Amino acid sequence: MARILTSRRAALTPLLLLLPAIATMLFVVALPLVFSLWTSFTPYRLTRPDTLYDVIGLRNYIRLMSDAAFWVAFGRTVLFLAIALNVEFLLGLGIALLINRITWGQRGLRTIMMFPMMFSPILVGFQFKFIFNDNIGILNNALQSLGLTDQAIPWLVDARLAMFSIIFAEVWMSTSVFAILLLAGLFAMPRDPLEAAKVDGCNAWQVFRHIMLPFLMPFAFIAMTIRSLDVARAYDIVAVMTGGGPAGRTELLWTLIARVGYDNARMGQANAMAYVSTLLSVLFTWYFFRKLVAARRYMGGAQ
């Protein structure tokens, strides 16, 4: 009997030790998710708490199908995601290749390379809002001082330039994620195939195209998976730099959700948008995971 009690106590000990963490996760993650999912099926308004108990089924989701503002923001978010990820990949690959060739001061450069990703997105947003400011911005002052333009360029007022400015800030902050992971891939790359290719007479482009790049693609897809989740939920930089303006031309999904939920107090509709946006993030994650598996199979890393 004592032996049975001892074995049961030993079996329950791990569960008891995990209880604080489980309780915290339920309180911090599970309960808000359940509450937000419930409100997406209601006409809940922050100004009318009693609407929390009026169930309307899928009406919020059905309304999204004909909501032009939502789909415009959806398409703009996908475009923003595609441009940011591709530019970050190309710049990160170039930085990784350059640092890999350096034989002195490489550790210091790797440390410096990590600085942008250490800054808060809000801080980066304020930083570039000042840089691109029409009147007192550093960029306009520099261009006018060099005689490259005779008037201030409306970086954050013109619709196309405002989106370019936001993408520039996002790329500056996050290119180091790609560079670090791709540099790790270069460090892990075996030297025998490279030496064999050189002996066979392959030039530098052929070695890069057929040996180095396929080996680095799994690392690139890991970075894309991480970054796609961040970019699909982009809010801070856009909210600080343009607030979704001018005239909503830089509004992405999460800035639209914040406006609908807090400015317009339609929290039920906003949560329905949020779950559709979450689906977008899941789809991108699944896509890049499939590409990662395919790249590993191509390199012989999985059967």
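Odds and ends about this structure:
- Condition met for R160 (over 29 Å from A232 (Cβ atoms), out of contact with any Leu (no Cβ under 9 Å at 6 or more places or on another chain) and of a type in the set (K, R)): no
- Residue, surrounded by the most Cβ atoms within 10 Å (Cβ to Cβ), within region 23-78, restricted to residues that are without any contact (Cβ under 8 Å) to a residue 12 or more places away in the chain and of a type in the set (D, E): D67
- Within region 122-137, the set of residues being modelled with pLDDT of 85 or more and either exposed (fewer than 13 other Cβ atoms within 10 Å of the Cβ) or assigned to a helix (DSSP H, G or I) (or both) comprises I122, L123, V124, G125, F126, Q127, F128, K129, F130, I131.
- Residue list for region 138-191, filter: surrounded by 19 or more Cβ atoms within 10 Å (Cβ to Cβ), in contact (Cβ under 8 Å) with a residue 60 or more places away in the chain and either touching a Ser or Thr at 6+ places or on another chain (Cβ under 9 Å) or part of a loop (DSSP other than H, G, I, E, B) (or both): L156, A162, M163, S165, I166
- Residue within region 288-300 that is farther than 21 Å from I166 by Cβ, under 17 Å from the mean Cα position of the chain (by Cα) and without any contact (Cβ under 8 Å) to a residue 40 or more places away in the chain present: no
- Residue in region 92-102 that is among the small types (G, A, S), within 21 Å of the chain's Cα centre (by Cα) and surrounded by fewer than 17 Cβ atoms within 10 Å (Cβ to Cβ) present: yes
- Members of region 5-27 found to be more than 30 Å from A272 (Cα to Cα), hydrophobic (A, V, I, L, M, F, W, C) and modelled with pLDDT of 75 or more, listed by number: L15, L16, L17, L18, L19
A quick yes/no check of all residues on (1) out of contact with any Gly (no Cβ under 8 Å at 6 or more places or on another chain); (2) at pLDDT 85 or above; (3) under 30 Å from A159 (Cβ atoms):
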residue	(1), (2), (3)
R3	yes, no, no
V29	yes, no, no
N60	no, yes, yes
L64	yes, yes, yes
L85	yes, yes, yes
L90	yes, yes, yes
I99	yes, yes, no
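- Applying the criterion of at least 2 residues that are under 30 Å from V207 (Cβ atoms) to the helices (runs of 4 or more DSSP H) found wholly in region 1-115 leaves 68-101, 106-113.
- Test result for A265, under 29 Å from M65 (Cβ atoms), in contact with a Lys or Arg (Cβ under 8 Å, 6 or more places away or on another chain) and surrounded by fewer than 21 Cβ atoms within 10 Å (Cβ to Cβ): yes
- Yes/no for T51 being closer than 22 Å to R259 by Cα and touching a Lys or Arg at 6+ places or on another chain (Cβ under 8 Å): yes
- Qualifying positions in region 156-170 - touching a Gly at 6+ places or on another chain (Cβ under 9 Å) and farther than 13 Å from R249 by Cβ: A169
- Region 203-253 - residue that is under 18 Å from the mean Cα position of the chain (by Cα) and polar (S, T, N, Q) and, of those, surrounded by the most Cβ atoms within 10 Å (Cβ to Cβ): T250
- Residue check: A162 meets all listed conditions (1) farther than 22 Å from I102 by Cα; (2) more than 17 Å from the chain's Cα centre (by Cα); (3) modelled with pLDDT under 85; (4) among the aliphatic types (A, V, I, L, M) but one, namely (3).
- Scope region 116-137; condition under 30 Å from F187 (Cα atoms) and without any contact (Cβ under 8 Å) to a residue 60 or more places away in the chain; matching residues: M118, F119
The values are calculated or read from the model by the stated rules, or taken from the named source; none is laboratory data. Computed from a predicted structure; not experimentally measured. Cβ: placed from backbone, ideal geometry, glycine included. Neighbour counts: every protein chain shown.
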